[in-house]
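Down below is the structure, laid out as structure tokens.
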Amino acid sequence: MHSSRRFSEIIAATNVDSYLEIGVETGGTFFNVDVPTKVAVDPNFRFDFESFRSAEVEFNQMTSDEFFLHHVGERKFDMIFLDGLHTFEQTFRDFCNSISHSHDKTLWIIDDTVPRDVYSAISDHQAALRARRQAGAEGSSWHGDVYKVVFAIHDFFPVYSFCTIAGNGNPQTLVWKQPRADFSPAWNNLESISRIDYFDFLRAKDFLNLVSEEEGIAQAISFLSGE
Ligand SMILES: C[S@@+](CC[C@H](N)C(=O)[O-])C[C@H]1O[C@@H](n2cnc3c(N)ncnc32)[C@H](O)[C@@H]1O
């Protein structure tokens, strides 16, 4: 429940009227986020979404690409949670597509930006599970290579600031529109970023701007409630 706990604290202190969640699964977060207008996107909802539809709560059973191409319309969202397919390419595209549906005070939350171990960081889900099993390693954790999205935002979206909550639940990166004063690209090459492996990631971890949950929420509230 780390997502709904964090989001609810931010929502309670600010004016969030519209919420978009990419990747909803059972609705564990979606149903626990108290926002007037909510939009859910998932090619495979794990619940009977038809029975939860209302004028304010929308379900789009489709990929995020399909949603952004043909269904989102002109809408803009106050809060956007990216938690769909855990690959760099897909999550980066979700971020880029969602920018057209944001405004100056939109807050993004990107899930799974800190892989737990080398197996968790493999971009292909089945390959990640297989490698973990073959190595005799425990668990079934899969974050994919979403961490590369933060490095891509670092280098190619200098007008966005971000911090990454680590601890007290799954790591998540919060992103908001605020130009970074000391911008300087670190890789300056999308292909190099796409090739950052788990061990490079460990060396580059400082670029994520790691903060505690309390500090991350405070930064989000300060951004959303500032002039
Ligand atoms: C980790 S789950 C989401 C969990 C949910 N956000 C929560 O907090 O409870 C990831 C979901 O992404 C969905 N997904 C996979 N590929 C997707 C895509 N291309 N577009 C949107 N969602 C996708 C999967 O069907 C799965 O339900």
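The values are calculated or read from the model by the stated rules, or taken from the named source; none is laboratory data. As the structure is a prediction and not an experimental result, all values here were calculated from the model. Note: ideal-geometry Cβ built from the backbone for every residue, glycine included; neighbour counts use all protein chains shown.
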Report, by residue number, each residue of segment 53-88 that is more than 9 Å from the ligand (Cβ to nearest atom), touching a residue at least 24 places away in the same chain (Cβ under 8 Å), more than 14 Å from GLU21 (Cβ to Cβ) and part of a helix (DSSP H, G or I). PHE88
Condition test on GLY167, is it surrounded by 12 or more Cβ atoms within 10 Å (Cβ to Cβ), part of a loop (DSSP other than H, G, I, E, B) and at pLDDT below 95? yes
I'm checking my understanding of the structure. Among residues of segment 94-116 that are outside any loop (DSSP other than H, G, I, E, B) and among the aliphatic types (A, V, I, L, M), which one is surrounded by the most Cβ atoms within 10 Å (Cβ to Cβ)? ILE110
Count, please, the residues in segment 24-44 that happen to be more than 6 Å from the ligand (Cβ to nearest atom), not basic (Lys, Arg) and not in a loop (DSSP other than H, G, I, E, B). 6
Subset tally (residues that are in contact with a helix residue (DSSP H, G or I) (Cβ under 9 Å, 6 or more places away or on another chain), assigned to a strand (DSSP E or B) and more than 9 Å from the ligand (Cβ to nearest atom)) for segment 2-23: 2
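Condition check ((1) hydroxyl-bearing (Ser, Thr, Tyr); (2) within 20 Å of VAL114 (Cα to Cα); (3) touching a strand residue (DSSP E or B) at 6+ places or on another chain (Cβ under 9 Å)) across all residues:
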| position | (1), (2), (3) |
| --- | --- |
| LEU210 | no, yes, yes |
| GLU215 | no, yes, yes |
| ILE221 | no, no, no |
| SER225 | yes, no, no |
Return only the number of the condition from (1) out of contact with any Leu (no Cβ under 7 Å at 6 or more places or on another chain); (2) in a helix (DSSP H, G or I); (3) surrounded by 22 or more Cβ atoms within 10 Å (Cβ to Cβ) that THR91 does not satisfy. (1)
Of the residues that make up segment 104-123, is at least one in contact with a strand residue (DSSP E or B) (Cβ under 9 Å, 6 or more places away or on another chain) and among the hydroxyl-bearing types (Ser, Thr, Tyr)? yes
For segment 117-136, check the following and say yes or no: at least one residue is in contact (Cβ under 8 Å) with a residue 24 or more places away in the chain and not in a loop (DSSP other than H, G, I, E, B). yes
Identity of the residue in segment 36-50, surrounded by fewer than 20 Cβ atoms within 10 Å (Cβ to Cβ) and of a type in the set (A, V, I, L, M, F, W, C), that ends up nearest to ASP83 (Cα to Cα): PHE45
Working only within segment 96-112, note down all residues that are within 13 Å of the ligand (Cβ to nearest atom) and not charged (D, E, K, R). ASN97, SER98, ILE109, ILE110
